[in-house]
1. Does region 75-193 classify as rounded, prolate or oblate by the C-alpha gyration tensor (a ≥ b ≥ c root eigenvalues; a/c under 1.5 gives rounded; else a/b over b/c gives prolate, otherwise oblate)?
2. Measure nothing fancy, just the Cα-based angle from helix 274-286's long axis to the longest principal axis of the chain, in degrees from 0 to 90, nearest 10.
3. Determine the shape class of region 256-345: with a ≥ b ≥ c the square roots of the Cα gyration tensor eigenvalues, call it rounded for a/c under 1.5, and otherwise prolate if a/b is greater than b/c, oblate otherwise.
4. If each DSSP helix of 4+ residues adds -39,500 (n - 2.57) and the sum is divided by the residues in the chain, what number results at 222 nm, nearest 500 deg cm²/dmol?
5. Roughly how tilted is helix 90-107, in degrees to the nearest 10 and between 0 and 90, from the longest Cα axis of the chain?
6. Which peptide among 101-110, 163-172 comes first, and what is the full order, when sorted by highest mean count of other Cβ atoms within 10 Å?
7. Working from the alpha-carbon coordinates of region 351-437, get Rg over Rh, Rh being the Kirkwood radius.
8. If I compute volume of the Cα convex hull per residue in Å³ from the structure I just sent, which labelled value in (i) 161; (ii) 261; (iii) 139 lines up?
């Protein structure tokens, strides 16, 4: 390396963002993730023994996936190749694999291939890597924020060990922020910056466990703060608020958090917890979730979980969907909130849904007997001669508009699918059913 090259690299390092400059260089500097890289953990021991297997690192943004891969690069005696799935293509992979094969054959040196954002590679691109991982030409390390069960092809995933990284705690982020503030070589120590206590608390809270977000906001806040007469920069709360603008929400409308959050919303409504339901609704709205997706789930909830206990739940849900479609956002959040509270506080019953499920099981599992003759329409003379419609009892001609006539095929005579609960409006339905059909109320569930 020439003196010019060295000087250029030093300038590039100084110009790099604070988050890149403060990236940990060893396990001693790494903050968090002790459940996978603690001194006694298998991954840590295999890295230090330079015998790492193919792995996938799965975790939220800013949790240290790339950092851990670069620490591996600094420890291993293997040749380390890093690519980003955002910019690399099949040609890049084939070149790296070809060089790895030559290197292994000529010098015996192994190659570690680190693919950042592996979920950005399609199936064909991942297929390029697969046989060479299986042969041992390369050791594969993939990093992803998405569930590898869905984003990494099964054959490649089966040849890797998946390690899950957790979001950093506020205390973890605090250690990283304090280190960056005091480090004069790579951090902001030379600028004599100090965060006001309230500003530091806000920075840690709004970073949401993402070290990169915290360091980027810290760098901007310090740069925006003028030094006092003694050359010190006291970063105020308002400066941090301006640097962050808003909380960094971890949410992907096509990823795990999309499904996890709507699941939390549905289960909170089902549990009759309006406060939790409104919180999860707010998380989705703030993250920019499609409001019509939320509205569709509310309509399903109204039928599946409230059902006959409050027949008005479905009209309320459909009205909310129509209102959101009609007025759009941000005002559409108001009918969504109204429907959410209505459904969460309504009595619950899944009896209609459960009844249909049982009926469909019989449709699939039993013989499909013909429709009973008395239920068929006799629209021709031949049909009347064959008995179509014969002995049909018109319900409105009988007391209470009820006949008690059999309407199921003979092979299912007496079968009960719908069992009304004693919740809300359905209690009246249960009483009516018992009066008509003489059914006993369902036994209470065992405690």
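Every read-out reported here was derived from the displayed coordinates using simple, explicitly stated rules and does not represent laboratory data. On a predicted model such as this, the values are computed, not experimentally measured, just so you know. Quick reminder, even Gly has a Cβ in these numbers, built from the backbone with ideal geometry, and neighbours come from all protein chains shown.
1. prolate
2. With both axes taken from Cα atoms, the answer is about 50 degrees.
3. Values: a/c = 1.74, a/b = 1.13, b/c = 1.53.
Because a/c hits 1.5 or more and a/b fails to exceed b/c, region 256-345 counts as oblate.
4. Only helices count here, giving -15000 deg cm²/dmol.
5. The two axes meet at around 50 degrees.
6. Details: 101-110: 12.6, 163-172: 17.3.
Highest mean packing first, the order is 163-172, 101-110.
7. Rg divided by Rh gives 1.04.
8. Step by step, volume of the Cα convex hull per residue in Å³ for this structure corresponds to label (ii).
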